[in-house]
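Novice: Dropping a structure here in structure tokens format, bear with me for questions.
The values are calculated or read from the model by the stated rules, or taken from the named source; none is laboratory data. Given the structure is predicted, the values throughout are model-derived calculations rather than measurements. Methodologically, a virtual Cβ is constructed for each residue, glycine included, from the backbone with ideal geometry; neighbour enumeration extends over all protein chains shown. For the accessible areas, the whole protein counts, side chains as well, though only heavy atoms, and no ligand, DNA or RNA atoms are used. Shrake-Rupley method; radii C 1.70, N 1.55, O 1.52, S 1.80 Å.
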Amino acid sequence: MSKIAIVQAAAEKTIAAESARTGQLLRRAEKLAAGIIIVTGFQLLDAKSLLESSAELARISGYLSLGVLSVALFFAICAMCVKGYADYPRGNKLWDNLKPEQVSEDAAQEALVQLLLQSREQNALLNDAKAASLFWCAWLFFAGCLLVAGSQLLDALAYTLAM
């Protein structure tokens, strides 16, 4: 087995692994977005009572929770974008580049390996950006949930003290 064949097989495996990573990151982003939307919906259902709360801290916490959850949702949506991923060339582009007689078989295989490695690198960079976006999304979601709980508890405490 030649070095080119070995590198080509390894490049194809890494592209498949990066494609699986893309799918995993998309599923994670969808789950986070769904959770954020549900928590935001619960907070919005109680928004009127929070806005009318006698506790200033409860109102501020309510506003902050909606803001933080909105930013978290933005990061989740950014992580769901699939633009910019490299794929195999469409149409006859690859064949047209490798068909001429002056292109040897070894040169054609090297060009294919280069294409695979460049595609993998481009997809890996995009997946790294998605992973970073999801990292911040998860932390903001956690902070938003804490703020939601805090605003509800502060509102309940203010209501109890007012009675």
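Novice: Go through 17, 6, 139 and say which Cα lies farthest out towards the positive end of the charge dipole of the chain; charges sit on Cβ, +1 for Lys and Arg, -1 for Asp and Glu.
Specialist: Value: 139.
Novice: Can I ask one more? Among the helices of the chain (complete DSSP H runs), which have Cα atoms covering no less than 20 Å along the helix axis and a Kyte-Doolittle mean of at least 1.0?
Specialist: Helices meeting the span and hydropathy rule in the chain are 56-80.
Novice: Dipole size in debye (nearest 20) for the chain around its Cα centre, Lys and Arg Cβ +1, Asp and Glu Cβ -1?
Specialist: The calculated dipole for the chain is roughly 200 debye.
Novice: With Cβ to Cβ distances under 11 Å as the rule, what net charge do the other residues near residue 121 carry (K, R +1; D, E -1)?
Specialist: Net local charge, residue 121 excluded: -1.
Novice: Which far-off residues, 5 or more places away or on another chain, put their amide H under 5 Å from the one on residue 86, with H placed in the peptide plane?
Specialist: Under 5 Å from the amide H of residue 86 lie the amide H atoms of 123, each far enough along the sequence or on another chain.
Novice: What number of lysine-lysine pairs in the chain show an alpha-carbon separation below 20 angstrom, given a sequence spacing of 8 or more or placement on distinct chains?
Specialist: Lysine pairs, 8 or more places apart or on different chains, close enough: 4.
Novice: Further question on the same structure: Report, as a whole number in µm² per second, the diffusion coefficient that Stokes-Einstein gives for region 28-82 at 10 °C and 1.306 mPa s using the Kirkwood radius over alpha carbon pairs.
Specialist: Value of D from the Cα-based Kirkwood radius: 133 µm²/s.
Novice: With a 1.4 Å probe and all protein chains left in place, how much accessible area per residue does the chain have, in Å²?
Specialist: About 65 Å² of surface per residue is accessible.
Novice: Scan (1) 24.5, 90; (2) 25.2, 90; (3) 14.8, 47 for the value of Rg and Dmax of the Cα atoms in Å calculated from this model and give just the label.
Specialist: Given (1) 24.5, 90; (2) 25.2, 90; (3) 14.8, 47, the calculated one carries the label (2).
Novice: Can you compute the charge dipole magnitude of region 1-68 about its Cα centre, using +1 on each Lys and Arg Cβ and -1 on each Asp and Glu Cβ, nothing else charged? Give it in debye, rounded to the nearest 20.
Specialist: Dipole about the Cα centre, nearest 20: 360 debye.
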